[in-house]
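A quick write-up on the structure given underneath.
The values are calculated or read from the model by the stated rules, or taken from the named source; none is laboratory data. If you're wondering where the values come from, they're calculated on a predicted model, not measured in any experiment. We place every Cβ from the backbone using ideal geometry, glycine too, and count neighbours over all the protein chains shown.
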Amino acid sequence: MNQESVVNESEVTSPEIILSVRHLCKFYGINRLAARKMLQEGSGKSEILQETGVTVAIDDVSFDVEKGKIFTLIGPSGSGKSTVVRCINMLQCPTSGKILFEGSDVTKMNRHELHDLRRSKISMVFQGFGLMSHRDVLGNVTYGLEVRGVDKIERERKAMEMIELVGLNGWERKSTGDLSGGMKQRVGIARALCNDPDLLLMDEPFSALDPLSRRDMQFELLSIQKKLEKTIVFITHDINEAFKIGDTVGIMRDGRIEQLGTPENLALSPANDYIKEFLYGMDRTKILSVKHIMITPSCLIHDHADPHTAIREMNENNVSTAYVIGRAMEFIGVVTLNGALQARHDKLPSVLSVIMRGVPTVEQDVMIGDIISVASDTPFPLAVVDDRGRLSGIVSRAAILSNLS
Ligand SMILES: Nc1ncnc2c1ncn2[C@@H]1O[C@H](COP(=O)(O)OP(=O)(O)O)[C@@H](O)[C@H]1O
Ligand SMILES: [Mg+2]
């Protein structure tokens, strides 16, 4: 047990980078030298296209993907997302730059090595599913193993395992034409996983699905990923999808990555107006947790404080609620200004009997979206407590509401 935790800790401290993209460029067109020169001189994408006939699809893109994580790229149509993924498995040949996958530069691989790479190391899932209509579900899922020469019993055993994993048990003999969009994409995912790839490339895999099956599939993908710990490069043009799925998110514009970071980083500190505009449509309540918006309570009192002190504290801080804590900072309850005034009127020695106990509290890792209703039912800022019940902050209704999009 101890041994295991030591191993895990060292994994956490030194993440393994499985894919490293460096200064990747892809130009479509003949006159690429002229295009590069214009790019270096600061010309824009449309100007370059007009002058040289060259499309700058990707311009100096660099990023790292950690083993076992999901890296998402997001950007408007035409911003270069598909070209990036298609370069990773060399369906497109980059104009310049390096793509180091498990330490080898895929741009330098020969045909044989590339064949091997696509068959056994990197699988792809497409938006349009790409299933073979003359084969049933099982036939589609086993296909990759079949071309690798795996025998029938073994490949069907493995395929059934994957079919079960994506929740299509009982559908293996159905024709793919009988399936809904969501189910077709489950087949697409099972097929990609059947090769047991080290890296899964997914180019807008859920964009063709209706919103409900899309949400199901996002959930499904996250639970599959948790089980198999696959590394995934995931392309989308939906900001909420990118933030829900990605450990790291890159936001693209005109062939460049404008900003790269965790969803929280991006939500809290967008680098420029483009990013801000992009983030505008996203639901911040599903990305930000209580710890991001909580503040230090300005009015703290002890449970034996006398009513005069409580009233003075609240007046000085211009608030109408005091947070009551015990000796070890443990949260006890709140005293309202009215309660304290009543206690003073009744000449009570302390606020003890006017403390409201049992008021709702939240923990700091809870998503903002999950506390909206508690917060609106509670007439004062919610107390944030740690796992030992100690008060670590408060979160106001205003702070929560200002993060609703
Ligand atoms: N095969 C191609 N030939 C010429 N231009 C292309 C080709 N593929 C993509 N492009 C252009 O490259 C740019 C990036 O395209 P793409 O990578 O498909 O963007 P996205 O996936 O973000 O929509 C676009 O301007 C597109 O028109
Ligand atoms: Mg695309």
Next item on the list: Any chance you could count how many residues in the stretch 372-398 are within 26 Å of the chain's Cα centre (by Cα) and aromatic (Phe, Trp, Tyr)?
Entry: 0
Next item on the list: Could you grab me the full set of residues in the stretch 48-69 that are within 16 Å of ligand 1 (Cβ to nearest atom) and either surrounded by fewer than 20 Cβ atoms within 10 Å (Cβ to Cβ) or farther than 16 Å from Gly255 by Cα (or both)?
Entry: Leu49, Gln50, Glu51, Thr52, Gly53, Thr55, Asp60, Phe63
Notebook entry, point to check: Of everything in the stretch 210-253 that's under 24 Å from Met162 (Cβ atoms) and of a type in the set (Phe, Trp, Tyr), which residue is nearest to ligand 2 (Cβ to nearest atom)?
Noted result: Phe234
Check: Based on what the data block shows, is Asp203 away from ligand 1 (no atom under 16 Å from the Cβ), at pLDDT 90 or above and either crowded, with 20+ Cβ neighbours inside 10 Å or under 16 Å from Ala159 (Cβ atoms) (or both)?
Finding: no
Notebook entry, point to check: If we only count helices (runs of 4 or more DSSP H) wholly inside the stretch 79-182, which ones have 3 or more residues that are assigned by TED's automatic domain parsing to the domain that holds Ser223?
Noted result: 81-88, 111-116
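Yes/no matrix, rows are residues, columns are (1) more than 28 Å from the chain's Cα centre (by Cα); (2) more than 16 Å from ligand 1 (Cβ to nearest atom); (3) buried (at least 17 other Cβ atoms within 10 Å of the Cβ):
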| position | (1), (2), (3) |
| --- | --- |
| Ser46 | yes, no, no |
| Phe71 | no, no, yes |
| Ile74 | no, no, yes |
| Ser77 | no, no, no |
| Lys81 | no, no, yes |
| Arg86 | no, no, yes |
| Lys98 | no, yes, no |
| Asp105 | no, yes, no |
| Asp116 | yes, yes, no |
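A quick yes/no check of all residues on (1) in a strand (DSSP E or B); (2) surrounded by fewer than 16 Cβ atoms within 10 Å (Cβ to Cβ):
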{"site": "Asn240", "(1), (2)": "no, no"}
{"site": "Met252", "(1), (2)": "yes, no"}
{"site": "Leu260", "(1), (2)": "yes, no"}
{"site": "Ala271", "(1), (2)": "no, yes"}
{"site": "Ile275", "(1), (2)": "no, no"}
{"site": "Pro297", "(1), (2)": "no, no"}
{"site": "Ile311", "(1), (2)": "no, no"}
Note to self: Considering only residues that are crowded, with 20+ Cβ neighbours inside 10 Å and assigned to a strand (DSSP E or B), which ones fall in the stretch 326-348?
What the structure shows: Phe331, Ile332, Val334, Val335
Item checked: Residues being away from ligand 1 (no atom under 16 Å from the Cβ), in contact with a Lys or Arg (Cβ under 8 Å, 6 or more places away or on another chain) and either farther than 20 Å from Glu264 by Cβ or among the hydroxyl-bearing types (Ser, Thr, Tyr) (or both) - total across the stretch 230-246 -> 1
